[in-house]
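Working notes, beginning with the structure itself.
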Amino acid sequence: MMLDKVAIGPVSARIYQGADYGKGPPIVLYLHGGAFLDSETNVDRPVAMSLAKSGAIVAAVDYSSLSDNLFPKALEVSFSVFSYLANKRAAGLGDRKSLLFVAGEEAGGNIAAGVALKARDQLPDALDGQVLISPLLDPFMGTASIRKAEAIGMRQRWTEGWSHYLSGGGCHPYAAPCLCSRLSGVAPALIFTAEDDPLHDETLGYGARLKKAGVGVRQHVFPAGTGWPSIYGGKSGEAPDWQEHVSRHFGSFLQDVSVQPQLH
């Protein structure tokens, strides 16, 4: 569908919704991965499907076409869609009682974290939670776990992706949230990674910093062998075995946020 009334201009989105969503369903703005290089829009998003199975309506938006996957444009497009959803609960997506979340995998996880920071700064209390799925957060690629990236065919791709995303200028905290010195006050976070995920260390490191800043955090580390790296195109010899777990953990996170509205 097309979100025609977004301030930055019309943005296309693919909508995922499970059979069990009810009145006032949670709304999730979903930002795709792709190492800041992919711009494919007509593809299925398995993680978005898993979130929808929890009873949410998930809008997987095409931020790439309007931004060429460059900072700050990619964040501006995504935040403009977020603002539209926050102010209107519009386009037939939920109602004014619907909780609003931002979620993203890999490169999209980076932008989701940036949206959460910008929401805290510009639209306080509009965001109910952030879901960061192996977010690509460290442009210096300096963690121990990132050494595994070569083996799954991602190191060069992430190097090129970071170079592309940041080619517009300096490294703003919204562009590399792991460098942000002020994390207090952002929406509670649900964080996913896996033991064999090269993004494991930066993901958990960001979660630890959020906790230290007083942010509510739930994190889940899948064991090696679940096919987790395949969510962002990494080579994996195992069939994916994480979908139901993502759906279940997101459902628990929804419950936590709905019964503790002051958590953020």
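Among residues of the stretch 237-264 being modelled with pLDDT under 90 and in a helix (DSSP H, G or I), the one that is farthest from the chain's Cα centre (by Cα) is VAL259. The one condition from (1) under 17 Å from the mean Cα position of the chain (by Cα); (2) surrounded by fewer than 19 Cβ atoms within 10 Å (Cβ to Cβ) that LEU183 does not meet is (2). For the stretch 20-32, the criterion of being closer than 30 Å to ASP241 by Cα, among the β-branched types (Val, Ile, Thr) and in a strand (DSSP E or B) is met by at least one residue. Within the stretch 229-242, can you find the residues that are over 19 Å from SER145 (Cα atoms) and surrounded by 16 or more Cβ atoms within 10 Å (Cβ to Cβ)? Selection gives TRP242 alone. Being surrounded by fewer than 20 Cβ atoms within 10 Å (Cβ to Cβ) and farther than 25 Å from ALA194 by Cβ is a property that ASP44 lacks. Evaluate the following for GLY168: is it among the small types (Gly, Ala, Ser) and farther than 24 Å from SER39 by Cβ? So GLY168 does not fit the description; no. Just checking, does the stretch 203-226 include any residue being buried (at least 17 other Cβ atoms within 10 Å of the Cβ), more than 26 Å from LYS118 (Cα to Cα) and at pLDDT below 95? Checking the stretch 203-226: at least one residue is buried (at least 17 other Cβ atoms within 10 Å of the Cβ), more than 26 Å from LYS118 (Cα to Cα) and at pLDDT below 95. If the condition is being within 13 Å of the chain's Cα centre (by Cα) and either part of a loop (DSSP other than H, G, I, E, B) or free of Cβ contacts under 8 Å to residues at least 12 places away in the same chain (or both), then the stretch 37-62 contributes only ARG45.
The values are calculated or read from the model by the stated rules, or taken from the named source; none is laboratory data. Computed from a predicted structure; not experimentally measured. So basically every Cβ, Gly included, is an ideal-geometry build from the backbone, and we count neighbours across all protein chains shown.
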